[in-house]
Amino acid sequence: MTNLAQIKKRFFTIIAVLAAIDVVLIVYLLWPGSASGSRKAQVESLKEKKTVLTRQVAPLKDIDAKLVKTRSDIGTLYQEWIPDRWSQISDHLDKLARDAGVTPQAIHYTSNSGKGDLPDVQRIAIDTSVTGEYGKVARFINDLEQDKLMFIITQISLSGKEAGTVTLQIKLETFLRETPAERAKS
């Protein structure tokens with residue numbers, strides 16, 4: 001009977017080992033993320049995340065080339081739309097007034113000497129008034145808005161006078177490129 005006891009003992013040992021393996025396999029199958037359906041869901045979720053991230057980084061593609069082009073465009077803007085001398089601003093305003101047929105009054109300039117939000121450029125506030133017929137004053141405003149130099153109208157006040165003439169009080173801003181000497185001072 002010792003042989004039978006020994007076989008019985010081995011049998012129960014084998015049954016215990018198999019039961020332990022079954023428990024491990026059941027835990028593996030029930031563990032989150034281990035089932036094939038769960039894996040498919042994870043793959044789909046990762047594909048969606050990839051698509052979203054790809055769309056988010058798309059504007060950054062070729063960013064180096066875009067930065068070079070932007071710098072070039074800024075240089076062109078500065079050269080073509082922003083004067084580098086005060087006289088260019090006053091001459092241009094006088095020309096716009098003459099072309100529109102209005103009479104300019106005194107022009108007051110105020111420079112923002114502090115560092116602005118644009119590099120190598122200072123903001124110039126202009127306060128002036130012009131007198132003329134209403135249609136010509138309207139043309140002057142339109143010419144300012146569409147001019148090659150950058151004029152930003154900030155305030156307008158219109159008052160009527162006798163014989164159909166009106167006076168336009170106008171505040172506007174423009175920009176002036178800093179010269180290399182001015183840049184060296186700051």
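A short reminder: the numbers here are calculations on the coordinates, not readings from a lab. All values reported here derive from a predicted model rather than from experimental measurement. Heads up, the Cβs are rebuilt from the backbone with ideal geometry, glycines too, and the neighbour counts pull from every protein chain shown.
Share of Cα-Cα pairs in the range 59-140 beyond 14 Å, in percent?
Cα-Cα pairs of the range 59-140 separated by over 14 Å account for 73 percent.
Taking the Cα atoms of the range 85-185, what is the range of coordinates along each of the three principal axes, in descending order and whole Å?
In descending order, the Cα extents are 53, 21, 21 Å.
For the chain, what is the mean residue ellipticity at 222 nm derived from helices alone (per DSSP H run of n ≥ 4: -39500 (n - 2.57); sum divided by total residues; nearest 500 deg cm²/dmol)?
That comes out to -19000 deg cm²/dmol.
Grab the other residues whose beta carbon is less than 14 angstrom from that of residue 42, score K and R as +1, D and E as -1, and report the net.
Details: positive: 39, 40, 47, 49, 50; negative: 44, 48.
So the environment of residue 42 carries a net charge of +3.
How large is the charge dipole for the chain, taken about the Cα centre, if only the Cβ atoms of Lys, Arg (+1) and Asp, Glu (-1) carry charge, to the nearest 20 debye?
Using Cβ point charges on Lys, Arg, Asp and Glu, the chain gives about 1760 debye.
Based on the alpha carbons, how large is the Rg to Rh ratio for the chain when Rh follows Kirkwood?
Result: Rg/Rh = 1.65.
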